[in-house]
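This report concerns only the one structure given below.
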Amino acid sequence: MRSYLEKIKAVHGVLGVYVLNNRAESLAQYGTESIGKQNKEKIVTEILQILASFILKGYSVIDTDFMFQNGRLLYFNFDKLNLFVHCQKNVKISMLRMTINVVMVEALDDKKIVKMINKNIIDGKLLLRPDKVDKEELIYIERIEQS
Amino acid sequence: MGLVGNIRDLKLPNLIQINCMEKNVAKLIIENRNRFGSVYFANGQIVHAEFNDMIGEDAVHAMLRLREGIFKVEGDVAAPAITIKSNWSNILLEGMRLIDEDTESADRLNENTIEDLTAIRGIEEAIILSPMGEVSAASIGFDQNITPNLNYVFFKIDRIEKLLQNGIPSGLMINIGKKYYLTKMGSHFLGLQLEDKTQIDIILPMIKQLVSQKSAAF
């Protein structure tokens, strides 16, 4: 996995590349944790919960791009896993997207990667279970379910 | 113990009407998100009112705009001052007229903002959500079925903003087959549906400029 992540990290402006399952557990990563390990874990969990809320309504999320003052955190649907790329604000986004597309196709041809994916398949809605969210959040989720 | 409730269930005009018609000497206290107000009644009229820094009829008019808030009516409480001399029904009518006027101008602002945004090349549809999550305005083709999802996203953006110590998030682009760009606009939330081939980086400066111009009004 590392060699694939290295190729993405090689794009100018990329700070870190992370692969997570739908429980927000890190399976592989390469690069720095410039937003802090704890913060990164919390933020990717929040984003995975956003994705889960769309899955709840029957949509599948292809990619997201979270833009903040000093950087970007991109998400890509990596078969049944989640690929996050943290990069600087000035990253060449078209180059990054192209690289990710090529790397993902290569990786999904690799039997070891396919085996790893199959070993880590988890329901995409898991992070919205009542024991994973607080009361305030539960109200939003109920509204989504009822809509 | 006096009457206690929420003005969401028992509207302020009704509370005023009851106290005036029954000629109560009473104090009505209202609390709305740490803002406090009071209305004093005597001789079948409103005689004094306070809300934040406002006193008199202006305070009553401001409280009439509140959609929710805890209220309590305390009997036999005399007003500390007499600041209102108009008839209670005239005060209510004027308050309603002012609300109508404000609603009309807010509607115009929302509609103009939607028009300005959808005029940007690459933006197909737009929606503005109030801080309470209600649709303030939307272009005709916006798929409002995803409004509950958008409200959840905005709730999450707020949370992520608190987690990030190195900056304020400017927005989230999400691709669910259709592409959306979601961001804040003042106290409101803005959802933009983008054309398939739109690259967010190209139109983002225009969106940011418009949002920053409009933010003060929202």
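Points worth noting:
- Label-to-label distance, residue B:76 versus residue B:212, with points set 7 angstrom from Cα along the beta-carbon direction: 6.1 nm.
- With kT/(6 pi eta Rh) evaluated at 10 °C and eta = 1.306 mPa s, and Rh the Kirkwood radius from Cα pairs, region A:27-106 diffuses with a coefficient of 117 µm²/s according to Stokes-Einstein.
- A dipole drawn for the protein assembly as shown from +1 and -1 charges on Cβ atoms has a positive end, and of B:90, A:86, A:4 the residue lying farthest that way is A:4.
- Three principal axis lengths of region B:4-86 [C-alpha, angstrom, descending]: 29, 25, 19
- Angle of helix B:12-21 to the longest C-alpha principal axis of chain B, folded into 0 to 90 degrees and rounded to 10: 10°.
- Each eigenvalue of the Cα gyration tensor of chain B, multiplied by 5 and square-rooted, gives one semi-axis; in descending order these are 44, 18, 14 Å.
- In the protein assembly as shown, taking the dipole from charged Cβ atoms about the Cα centre, the farthest positive-side position among B:141, B:25, B:6 is held by B:141.
- Computed log10 I(q)/I(0) for the protein assembly as shown at 0.08, 0.10, 0.11 Å⁻¹: -0.53, -0.74, -0.83, from the Debye equation with unit scatterers placed on every C-alpha and solvent omitted.
- Label zone at residue A:92 (point 7 Å along Cα-to-Cβ), backbone N below 20 Å, region A:7-39: A:7-17
- Sequence-distant residues sharing a close amide H with residue B:44 (under 5 Å, placed H): B:23, B:24
- Charge context of residue A:141, other residues only, Cβ under 15 angstrom, K/R +1, D/E -1: 0
- Taking the Cα centre of the protein assembly as shown as reference, the dipole from Cβ charges on Lys and Arg (+1) and Asp and Glu (-1) amounts to some 1520 debye.
- Proportion of all alpha-carbon pairs of region A:2-146 beyond 18 Å (%): 56 percent
- Size descriptor, Kirkwood hydrodynamic radius, that averages inverse alpha-carbon separations across region B:104-215, Å: 14.2 Å
- For region A:20-85, the list of trypsin sites (Lys or Arg not before Pro) that fall in a loop by DSSP and count at most 15 other C-beta atoms within 10 angstrom reads A:23, A:57, A:80.
- Restraint check, A:7/A:111; B:178/B:214; A:7/B:184; B:27/B:162; A:40/B:208, Cα-Cα greater than 30 Å: A:7/B:184; B:27/B:162
- Evaluated with a Cβ-only charge set (Lys, Arg +1; Asp, Glu -1), chain A carries a dipole of roughly 360 debye about its Cα centre, given to the nearest 20.
- Label sites at residue A:79 and residue A:28, each approximated as a point 7 angstrom past Cα along Cα to Cβ, lie 1.0 nm apart.
- The Cα trace of region B:83-139 gives Rg and Dmax of 17.1, 56 Å, the first to one decimal, the second as a whole number.
- Per DSSP, loop GluC sites (Glu not before Pro) in region B:89-153 with at most 14 further Cβ within 10 Å: B:134
- Cleavage-rule hits (GluC sites (Glu not before Pro)) in region B:1-83: DSSP loop, at most 15 neighbouring Cβ within 10 angstrom: B:22, B:68
- Cβ-defined net charge surrounding residue A:130, 15 Å radius [Lys, Arg +1; Asp, Glu -1]: -2
- Against chain B, whose longest principal axis is taken from its Cα atoms, helix B:200-215 shows a tilt of about 20°.
- For chain B, the longest principal axis of the Cα atoms and the long axis of helix B:88-118 meet at an angle of about 0 degrees.
- Placing unit charges on each Cβ (+1 for Lys and Arg, -1 for Asp and Glu) gives chain A a dipole about its Cα centre, and among A:107, A:39, A:144 the Cα reaching farthest toward its positive end belongs to A:107.
Coordinate-derived values only; no laboratory data. These numbers come from a predicted model, not from an experiment. Here Cβ is always computed from backbone atoms with ideal geometry, including for glycine, and neighbour counts include all displayed protein chains.
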